[in-house]
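The values are calculated or read from the model by the stated rules, or taken from the named source; none is laboratory data. This is a predicted model, so every value here is computed, not measured. We place every Cβ from the backbone using ideal geometry, glycine too, and count neighbours over all the protein chains shown. Quick note on the areas: whole protein, heavy atoms, side chains included, nothing else; ligands and nucleic acids left out. Shrake-Rupley method; radii C 1.70, N 1.55, O 1.52, S 1.80 Å.
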Amino acid sequence: MALVGRAAETRRIRSLISDVRERGTALVVRGEAGVGKSALLDYATGRARASGLRVLTTSGVQCETHLPYAGLHQLLYPIRDRIALIPQRQRAALEAALGGAEPAAPDVFLVGLAALNLIAEAAETTPVLVVVEDSHWLDISTSHVLAFLARRLESEPIVLLAAARDGFSSSLVDSELPELVLAPLGTEAAVALLDAHAPDLEPALRRRVLAEAAGNPLALTELPRTAAAIAEGAPTPGSWIPLTERLERAFTIRLSGLPEPTRTLLQIAALNDSPSLTETMSATARLAGGEPGTGDLTAAVAARLIDVDRGEIRFRHPLMRSAIHQSMSLPERHAAHAALADVIADQEDRRIWHRAAATALPDESVAAQLQAAAVRAEHRGGIGAAVMALDHAARLSQDPASRADRLLRAAELAVELGSREAVGNLLDEASRCDLTTQQRARVVWLRGGFDEGLRGRTADTWALAGLAETVAADGDRDLAVRILWSAAQRCFWTEPGGRARQHVVDVAENLGLDEHDPWLLAILAYAAPIDRGAVVIERLNRIAATPGRDARMDRMLGTGALMVGSFDLAQKLSAVAAAGLRPQGRLGLLARALGAEASSAVQLGDLSVAIPAAEESGRLARETTQPFLHGLIRAIEAAIGALRGDLDRVRVLTARAEQDGLPVGARPVLARAQMARGLAALGAGRFDEAYTQLRRLHDPADPCYQVALRCFAIADLVDAAAHCGRGAAIADIMREMESAALKTPSPVLHAGLRFARALLADDTEAEQFYTAALSADLTGWPFIRARTQLAYGEWLRRQRRVADSRPHLRAARETFDALGVIPWSDRARQELRASGETSRSRNLDARDQLTAQELQIARMAASGLTNREIGQKLYLSHRTISTHLHRIFPKLGVASRSELASSLNLSPDLLQDADFGDGMTVT
């Protein structure tokens, strides 16, 4: 049936449905209450079924937000028989989330991948339309899962339509998906709709309804039923009542005209977090002292407030439910919740929620049961539900210490959700309690640890280290370590000064941790990357030879290796960590591990690793709400652009990175952006510009100054300075870096200084410095070695030793070509031409032809992984992987997977060492 005044909107819906076999998509339908979102989704449902699609539906309900995965259970129930078709790990996670198993808490993203693959299996034979009503009221876990799913539909025969009311926020609604905004109907359409539903309306009331409805379809169809009452209670001139409130008032008027038993039944139904007719009738009987008759139910249906179908009660519009809820007095709500708690026998968590809602005064027994429900929700991955349960339990707590503990645990879980406002409110509430030393420490730690401690800096680095020391002295070493890690991260994201850094180191080294403890090494690397660099590197090299660590610990070790400039080790440890984190579904930590891998690979010039790692890290950082990590990855991607000679990309990405970093003074983001700009200018031969950009990294007063990162770029600064005649201007910086090199064996610092000494030496000493630089063990560091060869070749040519220059220039050219660092390849070719030798043109390779994600998929396919295995690693469906490979093959000019390795220039040894799986080497 055509919708009045919605021709453009229905045309868009028809297009999505007709194109579903070619491409999938998601669309959020937004608008005010009653504007016609549900009608448009009903239209889509009918159209989809007529086109042979399968339709899966779920609805958010305000009184179900405390039930973890309630919406997902409703959505997937019709296809539950296909769950055996998805991989075992995903199946276990989904079963746990839906309450069918009791393993360790499943990660929401692993549940999301399971849901995606389950729906994709159903769509193998028949395309699927997923319809989500009132998505703003979905439970938090379901909203996260559907947001995850919605971003991965492009290659699936699946369309997801979600309705969301204006002014509400959720993971799904805020996922930056395509939107269709429904505006109120125009005058002509509004008149047509009103006349179709109320043709006999008296003219004065007709004008009143049209004015009050303001083009809102629900108002146009519902207000006429109570038009006279509305007219009697119309607002006085100059006053204004929101349309939503006017509609609720209309529904309340309709409710008041019903018999008492019918009103009681509707009140119970409005508060029930289940649509079960039997449950609502039983609770009504308990409250009213007798079974309601069928006439009471018939009256509710006749009033067009509810529909009853297959043993379930559904309100015709959410505003009808909320109107009934708002009309109830507090004693009426308590009584209704108590009646529901009495009749729910086999669902403990629902029963205790209703019991808690019926409890007006503190009750430790009910609070303890809610806390137990929170634990169960957490075990199912329902973090949002756990936060709600603990918050409510705290309000019902009689024991002040238990109240504080519950609030603090809720705040810890709210941090996992990325909910800054919830964390702040819970900590504010906890702070009003009489807290113990440990509890006060947890408050400070939680406030300081959110958003890397960059916003609302309530505790500085020195204070956090002191707090950790106090907590450790009181016997809680685990909490002390976590607080100290927050302090160490402040040393990365901000500049607290040498005294504060040393305080962090002193406290860490006095905690009594094992000298190889990953937490200890990471804290030392972040707080004192130069002064403790030797200790960290020596211990990391010992640990790296010992396999079998937890993936989270490998991530800590990898990020520590990065901070002390041991990039080859950082890349290996981070790759191993990423392989272990993937199957666990820890996408937040995976984003960080991939970021460390990408950062290390960029410094090494290994773009085949850096490009896909950075792309995936940035995508996951955004998906897991890590804005400053996302900004840092943008800057790393800008550095990749610089190495590829893509100056436009560098300009765009550095600007975006600074948008993330400047407002909060995120030094690593700003430093990385400057490093990328300097590298781009260096590659383009704009040496004065490169010098100006890179010089800022060494000015302690500049927001780009970062203790560790400036050591990474000393070779770039000296390269720029030497080419623009400013070698003398950086003498103080060189002395500072030489002094640092006496404290740490940092590979990047020493390689950079060897390169720098040769560039800055006069002609009588330069050759011995070049020889020393090239004699060093640079295994695994091809980029700096090739740059040294290029510089040596340039120097030899200037000394008129042309024949001696060519072998070095040739070697540099070949390495630069292999690495794909185009500006340096071009520079080596220019030098060779100047020496009288021509070079063949550089051949295009996969890095030129594939997107970052395509490059990653191609590498995995070349290693021997199947589409399903690749999909599991990348949290995509196997169909999406297949679509990507169909695009990749013609781009590379290959016809089969077996040809990929040679096309990607991947040697058998490299594939042998590639670790793409669950911590296992692919052979």
Item to complete: Could you run through the stretch 625-664 and say how many residues are outside any helix (DSSP H, G or I) and surrounded by fewer than 20 Cβ atoms within 10 Å (Cβ to Cβ)?
Response: 3
Discussion item. Yes or no: the stretch 161-180 includes at least one residue that is open to solvent by less than 10 Å² (accessible area, probe 1.4 Å) and more than 21 Å from Val61 (Cβ to Cβ).
Written reply: no
Response to the item:
In the stretch 735-757, residues that are without any contact (Cβ under 8 Å) to a residue 24 or more places away in the chain, among the aliphatic types (A, V, I, L, M) and closer than 18 Å to Thr788 by Cα total 0
Worksheet item: Which condition does Ile268 not pass, out of (1) open to solvent by less than 30 Å² (accessible area, probe 1.4 Å); (2) over 19 Å from Trp353 (Cβ atoms), if it passes all the others?
Response: (2)
Worksheet item: Counting only residues that are in a helix (DSSP H, G or I), out of contact with any Ser or Thr (no Cβ under 8 Å at 6 or more places or on another chain), surrounded by fewer than 20 Cβ atoms within 10 Å (Cβ to Cβ) and touching a residue at least 12 places away in the same chain (Cβ under 8 Å), how many does the stretch 283-294 have?
Response: 1
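Rundown of residues vs (1) small (Gly, Ala, Ser); (2) modelled with pLDDT of 95 or more; (3) open to solvent by less than 30 Å² (accessible area, probe 1.4 Å); (4) within 21 Å of Gly533 (Cβ to Cβ), yes/no style:
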position	(1), (2), (3), (4)
Val669	no, yes, yes, no
Arg672	no, yes, yes, yes
Leu682	no, yes, yes, no
Thr692	no, yes, no, no
Ile714	no, yes, yes, yes
Leu717	no, yes, yes, yes
Gly725	yes, no, no, no
Ile730	no, yes, yes, no
Phe755	no, yes, yes, yes
Response to the item:
Here, helices (runs of 4 or more DSSP H) confined to the stretch 865-916 with at least 1 residues that are modelled with pLDDT of 85 or more, open to solvent by less than 40 Å² (accessible area, probe 1.4 Å) and touching a His at 6+ places or on another chain (Cβ under 7 Å) are 867-874
Worksheet item: Do we find that Val111 is closer than 28 Å to Thr45 by Cβ, at pLDDT 90 or above and over 23 Å from the mean Cα position of the chain (by Cα) in this structure?
Response: no
Fill in: Residues being under 18 Å from Asp719 (Cα atoms), more than 40 Å from the chain's Cα centre (by Cα) and open to solvent by 40 Å² or more (accessible area, probe 1.4 Å) - total across the stretch 812-841
1
Discussion item. Quick check on Val35: is it in a loop (DSSP other than H, G, I, E, B), over 30 Å from His337 (Cα atoms), in contact with a strand residue (DSSP E or B) (Cβ under 8 Å, 6 or more places away or on another chain) and at pLDDT 90 or above?
Written reply: no
Fill in: Within the stretch 53-80, tally of residues that are part of a loop (DSSP other than H, G, I, E, B) and under 16 Å from Asp134 (Cα atoms)
6
Discussion item. Taking the conditions exactly as written (within 21 Å of Arg482 (Cα to Cα) and in a loop (DSSP other than H, G, I, E, B)), does Asp514 satisfy them or not?
Written reply: yes
Response to the item:
Scanning the stretch 606-623 for residues that are part of a helix (DSSP H, G or I) and more than 10 Å from the chain's Cα centre (by Cα) gives Leu607, Ser608, Val609, Ala610, Ile611, Pro612, Ala613, Ala614, Glu615, Glu616
Practice prompt. Please go through the stretch 423-445 and pick out each residue that is open to solvent by 30 Å² or more (accessible area, probe 1.4 Å), out of contact with any Leu (no Cβ under 8 Å at 6 or more places or on another chain), farther than 20 Å from Ala480 by Cα and in a helix (DSSP H, G or I).
Written response: Asn425, Asp428
Fill in: Test: residue in the stretch 46-54 that is in contact with an Asp or Glu (Cβ under 6 Å, 6 or more places away or on another chain) and open to solvent by 60 Å² or more (accessible area, probe 1.4 Å)
no
Worksheet item: Do we have any residue at all in the stretch 5-24 that's at positive phi and over 27 Å from the mean Cα position of the chain (by Cα)?
Response: yes
Worksheet item: Do we find that Leu94 is assigned to a helix (DSSP H, G or I), of a type in the set (A, V, I, L, M, F, W, C), closer than 14 Å to Gln872 by Cβ and without any contact (Cβ under 8 Å) to a residue 40 or more places away in the chain in this structure?
Response: yes
Worksheet item: Which of the following residues is touching a Leu at 6+ places or on another chain (Cβ under 7 Å), at pLDDT below 90 and not small (Gly, Ala, Ser): Arg582, Arg592, Arg586?
Response: Arg582
Worksheet, complete the sentence: Scanning the stretch 188-228 for residues that are outside any helix (DSSP H, G or I) and of a type in the set (Asp, Glu), the one surrounded by the most Cβ atoms within 10 Å (Cβ to Cβ) turns out to be Glu202
Discussion item. Restricting to the stretch 540-562, count the residues that are of a type in the set (A, V, I, L, M), open to solvent by 10 Å² or more (accessible area, probe 1.4 Å), more than 12 Å from Ala578 (Cα to Cα) and in a helix (DSSP H, G or I).
Written reply: 3
Worksheet, complete the sentence: Of (1) part of a strand (DSSP E or B); (2) open to solvent by 10 Å² or more (accessible area, probe 1.4 Å), Asn117 satisfies every one except (1)
Discussion item. Condition first: open to solvent by 10 Å² or more (accessible area, probe 1.4 Å) and outside any helix (DSSP H, G or I). Can you find one or more residues in the stretch 587-605 that meet it?
Written reply: no
Discussion item. Suppose we keep only residues that are in a helix (DSSP H, G or I) and among the basic types (Lys, Arg) within the stretch 799-842. Which one would you say is modelled with the lowest pLDDT?
Written reply: Arg833
Worksheet entry | Options Ala715, Ala720; residue that is more than 36 Å from the chain's Cα centre (by Cα) and of a type in the set (Gly, Ala, Ser) | Ala720
Discussion item. Can you tell me which condition Glu176 does not meet? The list is (1) in a loop (DSSP other than H, G, I, E, B); (2) in contact (Cβ under 8 Å) with a residue 24 or more places away in the chain; (3) of a type outside the set (S, T, N, Q), and all the others hold.
Written reply: (2)
Worksheet item: Name the pairs: first residue in the stretch 335-364 and in contact (Cβ under 8 Å) with a residue 24 or more places away in the chain and under 23 Å from Ala401 (Cβ atoms), second residue basic (Lys, Arg) and open to solvent by 50 Å² or more (accessible area, probe 1.4 Å), Cβ to Cβ under 8 Å, at least 6 apart or on different chains?
Response: Pro362/Arg395
Worksheet item: Among helices (runs of 4 or more DSSP H) lying entirely in the stretch 678-738, which contain 2 or more residues that are within 21 Å of Trp824 (Cα to Cα) and of a type in the set (Val, Ile, Thr)?
Response: 714-723
Practice prompt. Working only within the stretch 49-86, note down all residues that are within 27 Å of Ser274 (Cβ to Cβ) and of a type in the set (Gly, Ala, Ser).
Written response: Ser59, Gly60, Ala70, Gly71
